[in-house]
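K.L.:
One structure follows; several queries about it will come next.
The numbers here are math on the coordinates, done by the rules we state, and not lab data. Keep in mind the model is a prediction, meaning the values are calculated, not measured. Note: ideal-geometry Cβ built from the backbone for every residue, glycine included; neighbour counts use all protein chains shown.
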Amino acid sequence: MHAVPRTRILIVDDDRAQSRFLSAHLMRRSFDVSSASTGEEAVRMFRVFDPSLVLLDADARGMEGMETLERLKQIKPEVSVIMTASSGSPDVVFRASKLGADDFISKPIDLPALDQRMARLLDGQRLTNEVTQLRDQVRRQSDFSMLFGTSPKMEDVKNTIEQVADTNATVLIRGESGTGKEVVARMVFSHSLRHEKPFVKVNCAAIPHELLESELFGYEPGAFTGANRQKLGKFDLAHGGTIFLDEISEMHPALQAKLLHVLQDGEFSRLGGKRDIAVDVRVLAATNKQLERAVEEGMFREDLFYRLNVVSIHIPPLRERQEEIPVFLDFFLRKYSEYYGKQPPPFTDYAVSRMMEYTWPGNIRELENLVKRYVIVGNESQIIRELSTHKPVVSSAGAAAIPVWEPKGNGVSGKNHFAGASTELAEVATAAPAAEGVESLSLLEIGRQAAMRAEREAIERVLNQTRWNRRQAAKILKVSYKALLNKLKLIEEQNLIQKRTVGTK
């Protein structure tokens with residue numbers, strides 16, 4: 001039978017007989033109990049044990065009880081603390097209450113009274129958590145309606161979610177970084193039959209692979225040095241609900257076999273465990289990489305890929321659903337205006353048009369951060385300038401307008417390898433509207449190309465001055481050596497694109 005996580009209680013009392021007495025009573029009531037005899041020990045254990053409730057003796061040795069109470073409340077303000085003391089003087093009760101104690105009980109402790117007060121505090125915690133979850137659900141529903149409101153492509157995604165949500169099928173959510181993969185995962189969860197059960201998220205890229213196994217599956221006492229007690233993993237915590245494995249492509253191949261075992265048999269074993277544990281968890285996974293390529297390169301198990309890819313949901317990048325940009329702008333502007341307590345004016349039509357022209361390589365996350373900065377600084381022109389500094393996606397039409405980098409001989413010549421670039425750019429800008437099959441270039445595009453041309457000219461001028469000593473040139477240009485090499489590589493790639501474009505005409 002699967003182990004259900006138990007409520008954790010920490011007892012802080014230097015009277016060992018009293019501590020053992022309370023521990024035995026609480027363990028009979030199925031609580032997970034740890035104890036500390038000093039305030040310093042209590043603080044250390046508190047960080048590791050993470051209890052829901054603390055029984056704290058006001059007369060504990062070392063760090064005195066009131067100071068310990070203050071420290072615990074600083075670490076985790078929502079933890080419930082019942083102070084115990086042999087003296088129930090009004091002064092002690094007042095000080096404890098002022099520092100955040102939730103209740104006070106005098107020694108000797110009456111167990112039925114203790115049980116009643118603990119039940120009241122823990123029920124209050126559960127109610128608070130339920131209210132918080134409901135608020136989060138309302139907020140996520142707002143996110144859902146915002147994400148799926150206007151684009152035909154996202155309407156198709158929404159229809160797929162509705163078809164698969166009430167099944168137990170594993171879902172692989174694919175899309176570039178910042179497109180809203182977690183929002184889609186939460187939408188699948190909220191529309192499923194498991195929506196009242198836990199939703200547990202694990203970012204596989206954020207946890208070192210040496211620790212990810214214990215994070216997912218937990219460990220038993222003695223599994224490794226420092227493992228003094230059992231730890232439940234994320235699959236334990238998600239039992240009956242849903243686990244969302246973000247950045248699944250970053251999972252180490254050695255751990256993929258264990259995940260495959262969970263998907264195939266519904267069982268796993270903790271580190272140091274001697275038996276398999278049955279678990280009922282629906283798995284949702286997300287990636288911004290091509291798992292097929294990872295399979296070909298031997299970095300991702302083929303059998304695990306097919307297990308995860310039962311249903312695949314692809315989220316298109318923002319540049320492919322530009323009609324949503326005004327909706328996102330309005331949503332994030334209202335959201336962060338309320339959050340920061342500011343009232344910046346709405347974006348002008350000019351700003352919106354510039355944003356509609358931008359390619360948004362960071363997708364919705366980039367747009368959200370841009371709106372957040374606008375709310376803080378309140379300067380629209382500064383925000384627009386930020387967009388102009390980013391490199392656009394090069395189209396076939398735009399490639400012909402990119403000046404060509406033609407290093408001559410050994411690249412030491414004093415000749416300008418970008419000669420004629422200014423004239424060429426001007427000719428493209430003026431001739432494009434009349435050119436057959438070429439769309440008019442926007443002012444934004446012309447400005448970007450001019451900036452790119454100026455950068456190329458500056459790079460070559462300094463390289464000629466240093467006789468193509470790239471390290472010395474990087475110092476003069478005040479960029480890193482690696483950044484300069486990347487820029488030179490980019491120029492070469494653009495040169496190749498132009499040659500191919502010209503060759504096909």
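K.L.:
For region 8-127, restrict the atom set to alpha-carbon positions and state the Rg and Dmax in Å.
P.N.:
Both quantities, over Cα of region 8-127: 12.8, 35 Å.
K.L.:
With Kirkwood's inverse mean 1/r over C-alpha pairs for Rh, give me the Rg to Rh ratio of region 319-388, two decimals please.
P.N.:
0.92
K.L.:
Jot down the per residue volume, in cubic angstrom and as a whole number, of the convex hull over the alpha-carbon atoms of region 209-282.
P.N.:
So the per-residue Cα hull volume is 87 Å³.
K.L.:
Counting just the Cα atoms, what span does region 271-363 cover along each of its three principal axes? Round to the nearest Å and put the largest first.
P.N.:
That works out to 62, 33, 21 Å along the principal axes.
K.L.:
I would also like to ask the following. Grab the other residues whose beta carbon is less than 12 angstrom from that of Arg95, score K and R as +1, D and E as -1, and report the net.
P.N.:
-3
K.L.:
Given R₀ = 45 Å, FRET efficiency for Glu386-His314 by Cβ-Cβ distance, to 0.05?
P.N.:
FRET efficiency, Glu386 to His314: 0.95.
K.L.:
Calculate the spin-label point distance for Tyr306 paired with Asn129, positioning each point 7 Å from the Cα along the beta-carbon direction, and give it in nanometres.
P.N.:
The two pseudo-label positions are separated by 4.0 nm.
K.L.:
Still on this model: Please compute, for the alpha-carbon atoms of region 153-257, the extent along each of the three principal axes and give them in descending order in Å.
P.N.:
Dimensions of region 153-257 along the principal axes of its Cα atoms: 51, 29, 21 Å.
K.L.:
Between Leu211 and Glu357, what is 0.36 nm times their sequence separation minus the Cα-Cα distance? Round to one decimal in nm.
P.N.:
Gain on extension, Leu211 to Glu357, equals 48.2 nm.
K.L.:
What distance in nm lies between label points placed 7 Å from Cα along the C-beta direction at Ser269 and Lys372?
P.N.:
A separation of 4.3 nm, rounded to one decimal place.
K.L.:
Under unit Cβ charges (Lys, Arg +1; Asp, Glu -1), what dipole magnitude, rounded to 20 debye, does region 319-388 have relative to its Cα centre?
P.N.:
I would put it at about 260 debye.
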